[in-house]
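**Q** The structure is given below, and queries will be raised subsequently.
The values are calculated or read from the model by the stated rules, or taken from the named source; none is laboratory data. This one's a predicted model, so the numbers in the text were calculated from it and none came from an experiment. Ideal geometry is used to build each Cβ from the backbone, glycine not excepted, and the neighbour counts take in all protein chains shown.
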Amino acid sequence: MTAVPQTLSPSAADTSQAAVRVVVMGVAGCGKSAVGRLVAAQLGLPLIEGDDFHPPGNIAKMQQGIALTDEDRAGWLRQLGAELARHPEGVVLTCSALKAAYRNSLRSAAPGLQFVHLAISQAESLRRVGQRAGHFYPPSLVASQFEALQDPSAEPGVLTLAGDAPLESLAHSAVDWLAGAGRPR
C-alpha cells in the first residue's frame, strides 16, 4: 500500500486566519452582536455571544436596573475565557470588555487575542438601547457602561472604530485589520 501525501486545505494552511481570536467590544447598543456575526461569517469562524453566558442572577440584576459589579462579572469573564481557550483554531466573541482588567482576563485565556472596539456616544447608546425590544438590558444602565469604560485604544491589539458607521463597513474594516495580523494602521 502506498501512502498518499496529504495536502492541507486552504483554511488549515492559512495559520494567520486559523488563529484569529477576536473580541468585538463596546458599550451597550454599540453593535457588538451584529458586527460580530458579520465578522464571524466573513472569516468562517464560530461566534460566541457573550450575553448568552451571563448567569441568571446577573440578568435579573440588569433587568432590575442594577449595574453589575466586578464580582458579578468575574465568573462570567472566566467562562468566556474558557470558551475562547476552547477555540484555538479561531473564534469571534462579543463582550462589552469595558475595563482593562476584563480585557486582560480574556487575554490570559487566549494569548494573542485581538479587540475591535465599537465606540459610540452615550446619547447614541441610549437611543439604540431604548429601541431594542425584548432585551434584558434597560436604558437606565447606559450611564453605568460609560462610567466603567476604560478606553482600550492605547492597548496593543486593539482597533477602535466609530460605531455609528454602517455595520457592513465596520465588519469589513475589522476583517481587513485582522488580516494584517491585528496591527493598527
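**Q** Being of a type in the set (Lys, Arg), under 30 Å from residue 19 (Cβ atoms), modelled with pLDDT of 95 or more and more than 14 Å from the chain's Cα centre (by Cα) narrows it down to one of 103, 78, 107, so name that one.
**A** Numbers: 103 fails: more than 14 Å from the chain's Cα centre (by Cα); 107 fails: more than 14 Å from the chain's Cα centre (by Cα).
That would be 78, the only listed residue that is of a type in the set (Lys, Arg), under 30 Å from residue 19 (Cβ atoms), modelled with pLDDT of 95 or more and more than 14 Å from the chain's Cα centre (by Cα).
**Q** Quick check on my filter: what residues within the range 149-168 are surrounded by 14 or more Cβ atoms within 10 Å (Cβ to Cβ) and either in contact (Cβ under 8 Å) with a residue 60 or more places away in the chain or not hydrophobic (A, V, I, L, M, F, W, C) (or both)? Break it down into steps so the answer makes sense when it comes.
**A** Let us first name the residues in the range 149-168 that are surrounded by 14 or more Cβ atoms within 10 Å (Cβ to Cβ), namely 149, 152, 155, 157-161, 163-165, 167.
Those that are surrounded by 14 or more Cβ atoms within 10 Å (Cβ to Cβ) and either in contact (Cβ under 8 Å) with a residue 60 or more places away in the chain or not hydrophobic (A, V, I, L, M, F, W, C) (or both): 149, 152, 155, 157, 160, 163, 164, 167.
**Q** Could you look through the range 36-70, keep only residues that are in a loop (DSSP other than H, G, I, E, B) and touching a Ser or Thr at 6+ places or on another chain (Cβ under 7 Å), and pick out the one that is farthest from residue 118 (Cα to Cα)?
**A** Going through the range 36-70, the residues in a loop (DSSP other than H, G, I, E, B) turn out to be 44-46, 54-55, 64-69.
Cutting the leftovers down to touching a Ser or Thr at 6+ places or on another chain (Cβ under 7 Å) gives us 44, 65, 67.
Values: 44: 21, 65: 23, 67: 21 Å.
Among them, the one singled out is 65.
**Q** Would you kindly identify the helices (runs of 4 or more DSSP H) lying entirely within the range 89-185 that contain at least 1 residues that are farther than 23 Å from residue 41 by Cβ? Even if it seems obvious, please write down each step before you answer.
**A** Numbers: elements: 100-109, 122-131, 142-148, 167-179.
By residue number, 100-109, 122-131, 142-148.
**Q** Scanning the range 81-100 for residues that are over 14 Å from the mean Cα position of the chain (by Cα) and free of Cβ contacts under 8 Å to residues at least 40 places away in the same chain, which turns out nearest to residue 147 (Cα to Cα)?
**A** For the range 81-100, the residue satisfying everything is 82.
**Q** Report whether or not residue 74 is in contact with a helix residue (DSSP H, G or I) (Cβ under 9 Å, 6 or more places away or on another chain) and of a type outside the set (Lys, Arg). Reasoning before the result, please.
**A** Values: in contact with a helix residue (DSSP H, G or I) (Cβ under 9 Å, 6 or more places away or on another chain): yes; of a type outside the set (Lys, Arg): yes.
In short, yes.
**Q** Sticking with this one: Given the criterion surrounded by fewer than 21 Cβ atoms within 10 Å (Cβ to Cβ), in contact (Cβ under 8 Å) with a residue 60 or more places away in the chain and hydrophobic (A, V, I, L, M, F, W, C), identify the matching residue among 171, 123, 119, 110. Working first, answer last.
**A** Numbers: 171 fails: surrounded by fewer than 21 Cβ atoms within 10 Å (Cβ to Cβ); 123 fails: in contact (Cβ under 8 Å) with a residue 60 or more places away in the chain; 110 fails: surrounded by fewer than 21 Cβ atoms within 10 Å (Cβ to Cβ).
Result: 119 is the single residue among 171, 123, 119, 110 that is surrounded by fewer than 21 Cβ atoms within 10 Å (Cβ to Cβ), in contact (Cβ under 8 Å) with a residue 60 or more places away in the chain and hydrophobic (A, V, I, L, M, F, W, C).
**Q** Looking at (1) part of a helix (DSSP H, G or I); (2) surrounded by 14 or more Cβ atoms within 10 Å (Cβ to Cβ); (3) among the hydrophobic types (A, V, I, L, M, F, W, C), which is the only condition residue 27 fails?
**A** (1)
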